[in-house]
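First comes the structure, then the notes that go with it.
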Amino acid sequence: MIRALRGETLERPPFWLMRQAGRYLPEYRELRKNTKNFLDFCYSPDLAVEVTLQPLRRFHMDAAILFSDILVIPDALGQKVEFLEGEGPVLDPVRSLEDIKKLNPDGIADYLTPVFEILNRLSREIPDETALIGFAGSPWTIAVYMVEGRGGTDHGKVLGWAENDPEDFQVLIDLLVEATSAYLIRQIESGAEIIQLFDSWAGVLNADQFHRWSVEPTRRIVERLHDRCPGVPVIGFPRNVGQLAADYVSKTGVDGVSLDQYIPLDWIAETLQPICTVQGNLDNTVLVAGGQELVRATVNILKSLSSGPFIFNLGHGVLPETSPDHVARVAELVRGWPRGGDGPSPSDGNN
Ligand code: CP3
């Protein structure tokens, strides 16, 4: 995976899946049911190390991703963060300069010590040929949760603040650029070999807003990481931004770009792959459906993107209702590529 991120075209692309650890695995649900509070689960090194390794045992991905969550940053800053069952994250919203002043950026490294221990242990436990990915949310996506106080589909309050009072909102973004950079540098010092920045809500911004609130803060973080940790590649995931992904790549300096399922494969191959390693972009609902369509979609992606620097992944995370058998089928197709990947097997039921 690291070679792919340095721009090499590999005969068989490396693969991993966003949210490869999680509720679609019975062994995850089994461990998870004993801890009520999801953040406590994330901060327990024994549990987090174990659930990071679970998907690797079954599917032999080329990378392990730290088991944690992007919302540990607001939690470490002192904002109240809870995960309610069936509802997702709920936070005490930050809506003013006064609220920002109550946050404590100096405390995050101490508070997040368990995360660094998890990475330390993982870097000793995973096989040498498996890469270890650390991650964080981008400042914009974290700000969406911090300001809205929810993980749903509403963005009115955060967009209103950014539009009506950009100077104050910039204070929050700047604080997040600093906190996220420091956090990621510590992740790398603890064993992370690749960093992914999740900008899950980049797609709600118009082109001007996207440049100010997503591209520019990301560029500053990437610059900081490249400066302090040369050789550690950074993947950006600007979700649902369409053709603005090309600007994102050229302006942020990321080494890889993770793409959602709405971006056409021929455009990716023609426009993005010549300038950047690309990652993606199987539709996670096709992974839920399985069958012939899953084989067709997987092979189509492999055919379209394997002749340049490429990492196979989904367009967004594995959904909880996904059958592990479908993940196994995809893993088999990718690992068998180019031999044996081209075409359905008798077990796919197309007779
Ligand atoms: O396997 C992995 O990918 C590593 C772990 C990981 C989690 N969250 C675990 C998790 C990673 C990389 C994330 C990133 C994350 N978290 C993002 C960015 C990627 C994306 O999906 O867009 C976002 C937006 C979040 C915030 C978040 N965390 C939400 C909105 C929710 C609730 C919705 C949901 O899917 O449950 C979570 C909870 C969460 N994070 C779970 C897991 C395994 C489920 C919690 C549980 O087990 O009860």
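The values are calculated or read from the model by the stated rules, or taken from the named source; none is laboratory data. What you see is a predicted model, and the numbers here were worked out from it, not measured in a lab. Reconstructed Cβ throughout: ideal geometry from the backbone, glycine too, with neighbour counts over all protein chains shown. Accessible surface is based on the protein model in full, side chains and every heavy atom, while ligands, DNA and RNA are left aside. Shrake-Rupley method; radii C 1.70, N 1.55, O 1.52, S 1.80 Å.
Among residues of region 139-167 that are at positive phi, those with a Cβ under 9 angstrom from a residue that is aliphatic (A, V, I, L, M) and modelled with pLDDT of 95 or more, sequence gap 6+ or separate chain, pair up as GLY149/VAL90; GLY149/LEU91; GLY149/VAL94.
Scanning region 88-110 for residues that are out of contact with any strand residue (DSSP E or B) (no Cβ under 6 Å at 6 or more places or on another chain) and touching a residue at least 40 places away in the same chain (Cβ under 8 Å) gives GLY88, ASP92, PRO93, VAL94, ARG95, SER96, LEU97, ILE100, LEU103, PRO105, ILE108, ALA109.
The set of residues in region 296-318 that are within 12 Å of the ligand (Cβ to nearest atom) and open to solvent by less than 30 Å² (accessible area, probe 1.4 Å) comprises ASN313, LEU314, GLY315, GLY317, VAL318. Test TRP161 against the criterion of being closer than 30 Å to ILE268 by Cα, aromatic (Phe, Trp, Tyr) and modelled with pLDDT of 95 or more, and give yes or no. So TRP161 fails the test. Looking across THR130, THR141, THR113, one residue alone is open to solvent by 10 Å² or more (accessible area, probe 1.4 Å), within 16 Å of the ligand (Cβ to nearest atom), modelled with pLDDT of 95 or more and under 30 Å from MET1 (Cβ atoms). It is THR130.
For region 150-200, the set of residues classified as open to solvent by 40 Å² or more (accessible area, probe 1.4 Å), in a loop (DSSP other than H, G, I, E, B) and within 25 Å of ASN104 (Cα to Cα) consists of ASP165 only.
Can we say VAL81 is touching a Pro at 6+ places or on another chain (Cβ under 6 Å), more than 26 Å from SER258 (Cα to Cα) and β-branched (Val, Ile, Thr)? Criteria met by VAL81. Here GLU321, GLU293 are screened, and the one residue that is of a type outside the set (A, V, I, L, M, F, W, C), within 16 Å of the ligand (Cβ to nearest atom), open to solvent by 50 Å² or more (accessible area, probe 1.4 Å) and within 25 Å of ALA21 (Cα to Cα) is GLU321. Cβ-Cβ distances below 7 Å connect the following pairs, each with a first residue in region 10-32 that is without any contact (Cβ under 8 Å) to a residue 40 or more places away in the chain, a second residue that is within 6 Å of the ligand (Cβ to nearest atom), and a separation of six or more residues or different chains: TYR28/ALA21; TYR28/GLY22; ARG29/ARG23.
The condition (being within 15 Å of the ligand (Cβ to nearest atom) and at pLDDT 95 or above) is satisfied by just one residue among GLN209, GLN196: GLN196. Test LEU122 against the criterion of being of a type outside the set (Gly, Ala, Ser) and buried (at least 19 other Cβ atoms within 10 Å of the Cβ), and give yes or no. In short, yes. Considering region 144-155, and only residues there that are in contact with a strand residue (DSSP E or B) (Cβ under 7 Å, 6 or more places away or on another chain) and more than 10 Å from the ligand (Cβ to nearest atom), the residue that is farthest from PRO14 (Cα to Cα) turns out to be GLY149.
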